[in-house]
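*Asks:* Here's a structure for you.
The values are calculated or read from the model by the stated rules, or taken from the named source; none is laboratory data. In this text, all values refer to a predicted model and were calculated from it rather than measured experimentally. FYI the Cβ positions are ideal-geometry reconstructions off the backbone, even for glycines, and counts take in every protein chain you see. Heads up: the accessible areas ignore ligands, DNA and RNA and are worked out on the full protein's heavy atoms, side chains in. Shrake-Rupley method; radii C 1.70, N 1.55, O 1.52, S 1.80 Å.
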Amino acid sequence: LDLTRLYPGPFCTMMLADMGADVIKVESPGEGDYFRKMGPMEGEDSHYFRLLNRNKKSITLNLKDPKGIEIFLRLAADADVVVEGFRPGVVDSLGIGYDQVRRINEKIIYCSITGYGQDGPLRDRAGHDLNYIALSGILDITGQAGGPPVIPGVQIGDVGGGTQMALSAILAALFARERGRGGTYIDVAMLDGLVSWLPISMAEVFAGNEIKRGEAELNGGLACYSVYKTADGGYMALGALEKKFWLSFCAAVGRNDLRDVQYQQDQAGLKKELAGIFGQKNRRQWEEIFAGVDACCEPVLSLPEVKEHPQVKAREMVTGKSLNFPVRFKDGASVQSGPAPAIGEHTEEVLLTAGLTDEDILKLRQEGVLGSRGC
């Protein structure tokens with residue numbers, strides 16, 4: 001049962017659906033998931049919503065109506081997992097929180113995804129991805145030396161701190177339940193997830209070292225691990241950390257005189273030298289030079305270029321206007337592939353399966369518990 005909307009929760013439940021879970025998306029009548037009307041549209045459908053909600057069923061249910069709560073609990077009695085993304089305490093006040101569901105289904109795995117978790121001084125505070133990466137310290141170490149913090153191009157708090165942490169925990173809980181441990185409650189905080197992503201940077205802090213934006217080894221401080229502008233305004237990403245890759249790089253650019261200065265103290269001077277080298281040719285020329293060279297040097301692609309890249313195509317990560325499931329299973333395991341649902345598309349199907357009759361459903365629509373058909 002999927003009570004989430006917008007980004008982190010729907011992405012998590014979509015990945016569960018991709019792997020074969022029967023996901024029932026519970027939406028409020030009329031409006032539904034906010035993402036249905038946000039971002040670029042194609043007709044009545046949002047591409048945001050399509051890319052985060054494939055393979056799901058959608059029902060509309062008014063959870064502010066006691067009869068809506070009754071129906072939800074009826075569905076929860078037979079569910080394996082509930083995922084919700086409201087602020088702390090909201091599901092409890094509605095009467096559909098973990099304790100209420102557990103009373104009718106002891107095996108339930110109930111996952112809450114929030115910005116700051118179910119306790120702590122910020123539990124009730126509103127936030128978005130930018131706020132979470134700010135408080136985690138990730139924003140402070142992202143950007144060039146001497147410049148301001150730079151907002152990452154993807155919502156790593158939502159996806160890394162929320163989606164992936166919830167997905168991993170749910171799958172672990174399902175496995176544990178199969179081994180006889182019963183159900184459980186999962187408290188996922190996006191800030192917690194982001195802080196857990198900092199072992200390399202925090203190791204420096206624990207050692208008493210200062211981490212400066214754009215000056216640490218892996219965030220711009222090393223010349224052999226940096227981004228360089230090409231003659232045509234493109235960029236190449238050099239990640240030649242190991243000696244063997246650095247030697248391959250030096251040979252490819254015809255600068256064997258640089259073989260022994262990879263980790264010299266004057267990294268700024270070496271970066272300036274490399275910037276001059278990359279500035280002599282356009283990006284396409286550098287791509288051709290490094291095509292057969294193991295030097296960990298790749299072009300910085302635009303998103304339209306990513307869509308057409310031979311490796312992305314070979315792995316079938318993009319099909320038409322859809323991004324596909326990123327993991328391959330062998331030995332007969334398959335991944336689901338279906339469209340995102342229309343709002344309330346499966347209300348009748350799901351409720352009939354739950355034991356309601358056509359007459360029950362018609363009456364509930366008339367009472368506003370389900371909303372009108374198709375909204």
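*Asks:* What number of residues in segment 223-239 are hydrophobic (A, V, I, L, M, F, W, C), without any contact (Cβ under 8 Å) to a residue 60 or more places away in the chain and closer than 22 Å to Ser302 by Cα? Before the answer, list the steps.
*Replies:* The initial filter retains those residues of segment 223-239 that are hydrophobic (A, V, I, L, M, F, W, C), namely 223-224, 227, 231, 236-238.
Add one more test, that the residue is without any contact (Cβ under 8 Å) to a residue 60 or more places away in the chain, and what stays is 223-224, 231, 238.
So of that shortlist, the ones also closer than 22 Å to Ser302 by Cα come out as 231, 238.
Of the residues in segment 223-239, 2 are hydrophobic (A, V, I, L, M, F, W, C), without any contact (Cβ under 8 Å) to a residue 60 or more places away in the chain and closer than 22 Å to Ser302 by Cα.
*Asks:* Just to be sure before I move on: is Asp119 over 22 Å from Leu63 (Cα atoms) and more than 22 Å from the chain's Cα centre (by Cα) in the structure I sent? Don't jump to the end; show me each part of the working.
*Replies:* Working: over 22 Å from Leu63 (Cα atoms): yes; more than 22 Å from the chain's Cα centre (by Cα): yes.
For Asp119, the condition - over 22 Å from Leu63 (Cα atoms) and more than 22 Å from the chain's Cα centre (by Cα) - is met.
*Asks:* Turning to a different aspect of this structure: Considering only residues that are more than 10 Å from Asn55 (Cα to Cα) and either modelled with pLDDT under 95 or part of a helix (DSSP H, G or I) (or both), which ones fall in segment 1-28?
*Replies:* Selection gives Pro8, Gly9, Pro10, Phe11, Cys12.
*Asks:* Give just the number: which of (1) closer than 30 Å to Gln164 by Cα; (2) in contact with a Ser or Thr (Cβ under 8 Å, 6 or more places away or on another chain) does Gln311 not satisfy?
*Replies:* (2)
*Asks:* Another question, if that's okay. In this structure, does Gln144 turn out to be within 18 Å of the chain's Cα centre (by Cα), open to solvent by 20 Å² or more (accessible area, probe 1.4 Å) and of a type outside the set (Lys, Arg)? Show your work before the answer.
*Replies:* On the way: within 18 Å of the chain's Cα centre (by Cα): no; open to solvent by 20 Å² or more (accessible area, probe 1.4 Å): yes; of a type outside the set (Lys, Arg): yes.
Criteria not met by Gln144.
*Asks:* Can you report the number of residues in segment 35-46 which are surrounded by fewer than 16 Cβ atoms within 10 Å (Cβ to Cβ), on the phi < 0 side of the Ramachandran plot and outside any strand (DSSP E or B)?
*Replies:* Residues of segment 35-46 surrounded by fewer than 16 Cβ atoms within 10 Å (Cβ to Cβ): 37-45.
Keeping just the survivors that are on the phi < 0 side of the Ramachandran plot gives 37-38, 40-42, 44-45.
Then drop every residue that is not outside any strand (DSSP E or B), which leaves 37-38, 40, 44.
Of the residues in that region, 4 qualify.
*Asks:* Right, here's the next one. Would you tally the residues in segment 293-335 being assigned to a helix (DSSP H, G or I) and surrounded by 10 or more Cβ atoms within 10 Å (Cβ to Cβ)? Don't jump to the end; show me each part of the working.
*Replies:* Initially, segment 293-335 is screened for residues assigned to a helix (DSSP H, G or I), giving 303-308, 310-314.
Keeping just the survivors that are surrounded by 10 or more Cβ atoms within 10 Å (Cβ to Cβ) gives 305-308, 312-313.
Result for segment 293-335: 6.
*Asks:* I'd like to verify a number: residues in segment 130-143 that are touching a residue at least 40 places away in the same chain (Cβ under 8 Å) and assigned to a helix (DSSP H, G or I), how many?
*Replies:* Here is the first cut: in segment 130-143, the residues touching a residue at least 40 places away in the same chain (Cβ under 8 Å) are 132-133, 135-138, 140-143.
Subsequent filtering for residues that are assigned to a helix (DSSP H, G or I) retains 132-133, 135-136, 140-141.
Residues meeting the conditions: 6.
*Asks:* To continue, here is another question. Kindly list, by first and then second residue, each pair from a residue in segment 294-321 that is closer than 18 Å to Arg283 by Cβ to a residue that is open to solvent by 70 Å² or more (accessible area, probe 1.4 Å), limited to pairs with Cβ atoms under 6 Å and residues at least 6 apart or on different chains.
*Replies:* Val300/Tyr235
*Asks:* I've got another one for you. State which residue is farthest from the chain's Cα centre (by Cα) when the search covers only segment 159-170 and only residues that are within 13 Å of Tyr7 (Cα to Cα) and open to solvent by less than 20 Å² (accessible area, probe 1.4 Å).
*Replies:* We begin by selecting, within segment 159-170, every residue within 13 Å of Tyr7 (Cα to Cα); these are 159-164, 166.
If we keep only those that are open to solvent by less than 20 Å² (accessible area, probe 1.4 Å) too, we end up with 160-163, 166.
Numbers: Gly160: 5, Gly161: 8, Gly162: 7, Thr163: 5, Ala166: 10 Å.
Within segment 159-170, the match that is farthest from the chain's Cα centre (by Cα) is Ala166.
*Asks:* Ok, one more. Of everything in segment 362-375 that's charged (D, E, K, R) and in a helix (DSSP H, G or I), which residue is surrounded by the fewest Cβ atoms within 10 Å (Cβ to Cβ)? Give the derivation first.
*Replies:* Just the residues of segment 362-375 that are charged (D, E, K, R), to begin with: 363, 365, 367, 373.
Filter once more, keeping what is in a helix (DSSP H, G or I): 363, 365.
Numbers: Lys363: 14, Arg365: 18.
The extreme case among them is Lys363.
*Asks:* Please go through segment 258-292 and pick out each residue that is free of Cβ contacts under 8 Å to residues at least 12 places away in the same chain and either of a type in the set (Ser, Thr, Tyr) or surrounded by 17 or more Cβ atoms within 10 Å (Cβ to Cβ) (or both).
*Replies:* The one that is free of Cβ contacts under 8 Å to residues at least 12 places away in the same chain and either of a type in the set (Ser, Thr, Tyr) or surrounded by 17 or more Cβ atoms within 10 Å (Cβ to Cβ) (or both): Val261.
*Asks:* Let me ask something else. Scanning segment 341-361 for residues that are within 30 Å of His47 (Cα to Cα) and not in a helix (DSSP H, G or I), which turns out most open to solvent (accessible area, probe 1.4 Å)?
*Replies:* Among them, the one singled out is Glu345.
*Asks:* State all residues of segment 54-110 that are of a type outside the set (Asp, Glu), open to solvent by 50 Å² or more (accessible area, probe 1.4 Å) and part of a loop (DSSP other than H, G, I, E, B); if no residue qualifies, say none.
*Replies:* Passing the criteria: Lys64, Arg87, Lys107.
*Asks:* Working carefully through the options Lys321, Lys271, find the one that is of a type outside the set (Ser, Thr, Tyr) and at pLDDT 95 or above. Even if it seems obvious, please write down each step before you answer.
*Replies:* On the way: Lys321 fails: at pLDDT 95 or above.
Unique residue meeting the criteria: Lys271.
*Asks:* If I go through segment 228-251 residue by residue, how many of them are in contact with a strand residue (DSSP E or B) (Cβ under 8 Å, 6 or more places away or on another chain) and among the hydrophobic types (A, V, I, L, M, F, W, C)?
*Replies:* Of the residues in segment 228-251, the ones in contact with a strand residue (DSSP E or B) (Cβ under 8 Å, 6 or more places away or on another chain) are 228-230, 234-241, 245, 249.
Now narrow it down to the ones that are among the hydrophobic types (A, V, I, L, M, F, W, C): 236-238, 240-241, 245, 249.
So the answer is 7.
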